[in-house]
Structures are given as structure tokens and as C-alpha cells.
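The block underneath contains the structure these notes are about, expressed in C-alpha cells.
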Amino acid sequence: MSGVITLTTDFGTADPFAGIMKGVILSIHPPARIVDITHAIEPQNVLQAAYVLESAWRWFPKHTVHVAVVDPGVGGSRRAMAFKRGNTIFVGPDNGLFTGLLEADSQCHELKNPKYRLPEVSGTFHGRDVFAPAAAWIARGTPLKSLGPPLKNPVRLDRPQAAWTGKALEGEVIHIDRFGNAATNISRELIAQHFLRKTPLTVRIGRQSVGGLSSHYAEIPSGRTGAVINSWNVLEVFERDGNAARRLKLKVGRKIRVTR
């Protein structure tokens with residue numbers, strides 16, 4: 001096992017929640033190496049967490065355990081789950097957070113065995129009481145089947161998809177980073193599928209032209225807006241040396257259009 005456990009949450013860093021989860025993990029598995037992917041997911045934004053985790057998980061060693069906790073349904077009827085994809089394990093709430101990571105034959109297990117939870121499980125902090133202990137025990141080598149029974153029909157989100165209209169690719173903003181760059185659900189593959197290579201493209205928000213597709217940020221003058229294929233391999237709207245989200249008043253869900 002790699003011994004790496006990652007955390008992705010909407011807990012922020014002003015409160016002790018993320019630190020407490022680390023304490024629980026280290027109490028069960030002291031050699032664990034804990035990596036924070038982010039604790040800055042917008043509160044209760046499961047879809048944002050899904051996109052962020054999908055962009056990050058493949059850059060970690062084999063046998064990494066990824067814990068994601070964005071959990072508006074904590075304490076309710078939603079199930080707790082763990083599943084394996086290749087040599088990687090994912091742990092978190094069954095609320096659609098893992099939609100893009102689940103495969104057709106993914107073997108999912110519900111986290112029900114009390115041996116692998118804390119002795120008392122609160123109604124508000126399953127990150128501490130359920131998910132952190134499960135991740136630690138998995139990192140120690142505990143088989144998933146020991147944590148609980150198979151989980152049938154895990155929740156999958158109905159996520160917005162970019163579409164070709166015959167004249168343009170239409171998508172939307174899915175994530176805005178701290179620099180004000182706006183990632184969209186329009187992938188490099190979709191652009192290559194519908195436009196010839198080196199075809200000049202224009203990116204539009206409503207009737208406003210953002211600019212063309214650049215190969216990197218510094219290709220356009222300072223203060224100008226444009227678009228680029230980012231490290232997630234999706235189209236991103238940016239402002240050179242500025243904040244595109246603030247300048248263009250962008251929010252998650254804003255419609256984006258790519259034309260010749």
C-alpha cells in the first residue's frame with residue numbers, strides 16, 4: 001500500500017474539522033501520509049467537488065485512498081460508501097460525488113461495519129466518525145468487503161454536458177479558481193471533434209466575445225480576456241494578469257459558446 005490518504009472537503013481551514021479528520025486517521029494508522037487536495041469547495045457544492053476530485057486523483061500513487069466529504073445529507077438516509085477503481089480507493093457519501101469516477105463494473109461497499117467506525121457516530125460529522133476511520137483501516141490493508149455489504153446502484157448526478165448545435169459547441173462554467181479562471185465542461189476532445197485543427201475560434205458568453213483560443217496565458221496582451229485548454233484538458237476562460245470571473249461577472253453554470 002502507498003500509505004497516501006487525500007482529503008477533499010468543503011470544511012475550509014478556519015474550523016477544526018479537517019484537522020480532526022487527520023487526527024482520527026493518524027490515531028488508527030500513524031504511518032499515513034495525508035495530502036489536502038482542497039478544503040475550499042463551496043459549501044454543499046457536490047458537483048464542484050466531483051469535478052475537482054476527477055481532475056486530481058490520477059496524479060497520485062497507486063493504492064492512494066481518496067476521501068471526499070461534501071455531505072449535505074449527513075445524518076440522513078444517504079449511504080456511506082467505498083469503492084475501488086483500478087488501484088485506487090475512494091471513500092465518501094453516496095450522494096453523486098463520485099459520478100465521474102464510478103465505472104460500470106465498480107464494486108461498491110456500504111460502510112456499515114461498526115468495527116471500522118468510531119464507537120459513537122454523530123449525526124453531523126461523518127467525516128470524523130465514518131469516513132476518516134474507514135480510510136485509515138483501508139490504508140492499513142483492510143479489504144473493502146470487510147467494511148460492509150455490497151452497495152447497489154450508487155447515486156449518479158445528472159451532470160450538464162456540452163453539446164454541438166450544428167454551428168457551435170455550447171457548454172457552461174463548472175469551476176472558478178482563486179485566480180478567477182473559469183473552467184468549463186467543453187473538453188479538448190470535443191473541440192477537436194467538431195473543429196478542424198488550427199481553425200480560428202471565438203468564445204462567447206451571451207453576445208459578448210471573450211476572445212479566441214490561445215495556447216497559453218501569455219499569448220495575449222495584459223488585461224485582455226481569452227480562452228485556453230487548461231491542465232484538466234477543458235476550455236478555460238481567463239484574463240491575462242487579471243480576474244476573468246470578476247471582470248465578466250462569471251458564476252458556475254454560466255453558458256459558454258465556441259464558434260468558428
Charge dipole (the chain, unit charges on Cβ, about Cα centre) - positive-most of 6, 111, 229: 229
GluC sites (Glu not before Pro) restricted to the stretch 82-137 and DSSP loop, no more than 13 other C-beta within 10 Å: 103, 120
Packing rank of 158-165, 42-49, 231-238, where each peptide gets the mean count of other beta carbons within 10 Å, highest leading: 231-238, 42-49, 158-165
Binned Cα-Cα distance frequencies in the stretch 163-259 - 10 Å width, integer %: 17, 57, 25, 1
Residue exposure sequence - 98, 60 - by fewest surrounding Cβ within 10 Å: 60, 98
Leading residue at positive end of dipole, the stretch 4-147 (Cβ point charges), from 60, 83, 138: 138
Selected from 218, 168, 134 as most flexible by GNM, with the chain as the system and alpha-carbon contacts under 10 Å: 218
Residue-averaged [θ]222 nm for the chain, counting only DSSP H segments that reach four residues, each worth -39500 (n - 2.57): -5000 deg cm²/dmol
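Mean 1/r over all different Cα pairs, inverted: what Kirkwood radius does the chain give, in Å? Can you show the working numbers first?
Details: mean 1/r = 0.0508 Å⁻¹.
Final number for the Kirkwood radius of the chain is 19.7 Å.
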Computed E for residue 153/residue 87 - FRET, C-beta separation, R0 25 angstrom, nearest 0.05: 0.55
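If you take the beta carbon distance between residue 247 and residue 197 as r and set R0 to 22 Å, what does 1/(1 + (r/R0)^6) give as a FRET efficiency, to the nearest 0.05? Please list the in-between numbers first.
Numbers: r = 30 Å, r/R0 = 1.36.
With a Förster radius of 22 Å, E is 0.15.
Rank these for me by crowding, 220, 41, 176, going from fewest to most other beta carbons within 10 Å.
Details: 220 19, 41 26, 176 22.
Taking fewest neighbouring Cβ atoms as first place, the list is 220, 176, 41.
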9 Å beta-carbon shell around residue 10, net charge (K/R +1, D/E -1): -2
Centroid-to-centroid separation of the stretch 1-46 and the stretch 224-260 [C-alpha atoms, Å]: 30
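Only four residue types carry charge here, +1 at the Cβ of Lys and Arg and -1 at the Cβ of Asp and Glu. Report the dipole size of the stretch 36-183 about the Cα centre in Debye, rounded to the nearest 20.
On the way: 17 positive and 14 negative charges, 119 e Å.
Dipole size: approximately 560 debye.
Using the count of nearby Cβ atoms within 10 Å as a rough guide to exposure, how do 15, 105, 177, 10 rank from fewest to most? Numbers along the way, then the final one.
Working: 15 10, 105 5, 177 14, 10 21.
Exposure proxy ranking, most exposed first: 105, 15, 177, 10.
Quick one: putting +1 on the C-beta of Lys and Arg, -1 on the C-beta of Asp and Glu, what dipole do you get for the chain around its Cα centre, in Debye to the nearest 20? Intermediate results must be reported in sequence, preceding the final value.
On the way: 34 positive and 21 negative charges, 123 e Å.
Taking the Cα centre of the chain as origin, the dipole is about 580 debye.
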Cα-Cα P(r), the stretch 1-66, percent of pairs per 5 Å interval: 4, 17, 26, 23, 20, 9, 1
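I'd like the per residue volume of the convex hull spanned by the Cα atoms of the stretch 4-147, given in cubic angstrom. Numbers along the way, then the final one.
Values: hull volume 14.4 nm³, N = 144.
Roughly 100 Å³ of hull volume per residue.
FYI, it's all coordinate maths here, none of it is from the lab. Predicted model only: the values in this text are computed from it and were never measured. Positions of Cβ are backbone-derived with ideal geometry, glycine not excepted, and every protein chain shown enters the neighbour counts.
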